Amino acid sequence: MGIISSTVLKLAHISQNYNQVVDSSSGWQHQFEVFMKGGACKQVFMDFQDCVDNSKKKNETIGQCYPMLHKCMEAHSDYYKPIIAMSKASLNVLDESLVKTFLPSTTVSLNEINEDEDEKFVEFMKGGGCKESYTAWHDDCNFTEEEAEKNKDLVTKCAGLFGKLSKCLDVHSDYYHPILAVKKTTEEHLEKELAAFFPKES
């Protein structure tokens, strides 16, 4: 598995970003919600928001909330195309940032990284306080997009495992600061994209 080739990691990443958008006090938050509710996924988006709120109240990860929204948006991609495109662009930023952080001398894309190069990332992840949660996610969630499509329970389970890993990274931020910096760069990119798409209301 590549550094971030798992669909689950990407879905979990995006779900964290949607969570930020839902919590955002930015002027475009309302326009984002209106847009999301303006398409066929209105009820699913509202269920997603409820899932996020309930997870927060229980101090649980929100990873399990995202798959239902992602599936609906993909099924209605004609309407949700701008949001899907912004999410994919932020994933490209995430991929590029990880390569620059862990393999600064390489010129290949993330998909072209070989096993030896990938091992540098794995060693780093297992070298800190999140070895156990990283190993659980890495070992249990190594599947293809096709396998994910056939087994949504696996996606939900792995999104939850990634949520636990994400919380662990925050707790051990001194060691994992390179990962958290990449995450922040990606979140800032997505927020800028959304803010440009949804200009502030006057």
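How long is the gain from K120 to H177 if the chain were fully straight, where each residue apart is worth 0.36 nm and the alpha carbon distance is subtracted?
Full extension of this stretch gives 18.9 nm more.
Sorted by packing (mean other beta-carbon atoms within 10 Å per residue), highest first, where do 130-138, 73-81 land?
Ranked by mean Cβ neighbours within 10 Å, highest first: 130-138, 73-81.
What is the local net charge at C141, summed over the other residues whose Cβ is closer than 11 Å to its Cβ (Lys, Arg +1; Asp, Glu -1)?
-2
Which net charge results when you count Lys and Arg as +1 and Asp and Glu as -1 among the other residues whose beta-carbon is under 14 Å from that of K126?
The answer is -3.
Relative to the present Cα-Cα distance, how much length would full extension add between D139 and K42 at 0.36 nm per residue of separation?
Between D139 and K42, full extension yields an extra 31.4 nm.
How many nm separate the modelled label positions at N54 and K167, each set 7 Å beyond the Cα in the direction of the Cβ?
1.7 nm
Rule-based calculations on the coordinates, nothing more; no lab input. Small disclaimer: the values here were computed from a predicted structure and weren't measured. All Cβ positions, even for glycine, are placed from backbone atoms using ideal geometry, and neighbour counts span all protein chains on display.
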